Amino acid sequence: MGWMYLLLAGSAEIIYAVAMPKTDGFTKLGPSLFCLFFIAASMYLLSLATRTIPIGTAYAVWVGIGAIGTAAYGVIALGEDRSVLRLLCFVLILAGIVGLKLLSSEAKS
């Protein structure tokens, strides 16, 4: 169940990262409340994940999910740079996430 919480926490991180520019420095109430809700949800779900996943692994995977998801959004929706080297770096982050999952003690049980 910890990995499901972690996946949901990473998804909430992507949502708040994508929403953050719409807050205009947290000066717009609606977008700010939306963003703050997903920040809180992400932190809560991350804390649930750390009940069964070591904090170092959980945090690294959480950050990686957020980084890959937000970067994918930037490339797909915002037309950000799609250079081969940049995409290779994203693949390396993804490989690290998968590696941590495969090497975790919870994955073996």
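Any residue at all in segment 41-51 that's surrounded by 12 or more Cβ atoms within 10 Å (Cβ to Cβ), outside any helix (DSSP H, G or I) and not polar (S, T, N, Q)? Checking segment 41-51: not a single residue is surrounded by 12 or more Cβ atoms within 10 Å (Cβ to Cβ), outside any helix (DSSP H, G or I) and not polar (S, T, N, Q). Quick one: is LEU102 surrounded by fewer than 10 Cβ atoms within 10 Å (Cβ to Cβ), free of Cβ contacts under 8 Å to residues at least 60 places away in the same chain, among the aliphatic types (A, V, I, L, M) and in a helix (DSSP H, G or I)? Criteria met by LEU102. The set of residues in segment 64-90 that are surrounded by 11 or more Cβ atoms within 10 Å (Cβ to Cβ), free of Cβ contacts under 8 Å to residues at least 40 places away in the same chain and not charged (D, E, K, R) comprises ALA67, ILE68, ALA71, ALA72, GLY74, VAL75, LEU87, CYS89, PHE90. Within segment 1-26, the residues that satisfy the criterion of being touching a residue at least 40 places away in the same chain (Cβ under 8 Å) and either in a helix (DSSP H, G or I) or farther than 16 Å from LEU46 by Cα (or both) are GLY2, TRP3, TYR5, LEU6, LEU7, ALA9, GLY10, SER11, GLU13, ILE14, ALA17, VAL18. Among residues of segment 52-63 being crowded, with 17+ Cβ neighbours inside 10 Å and outside any loop (DSSP other than H, G, I, E, B), the one that is farthest from the chain's Cα centre (by Cα) is THR57.
Readers should treat all values here as calculations from the given coordinates under stated rules, not as data from a laboratory. Keep in mind the model is a prediction, meaning the values are calculated, not measured. As a convention, Cβ positions derive from the backbone with ideal geometry for all residues, glycine included, and neighbour counts pool all protein chains shown.
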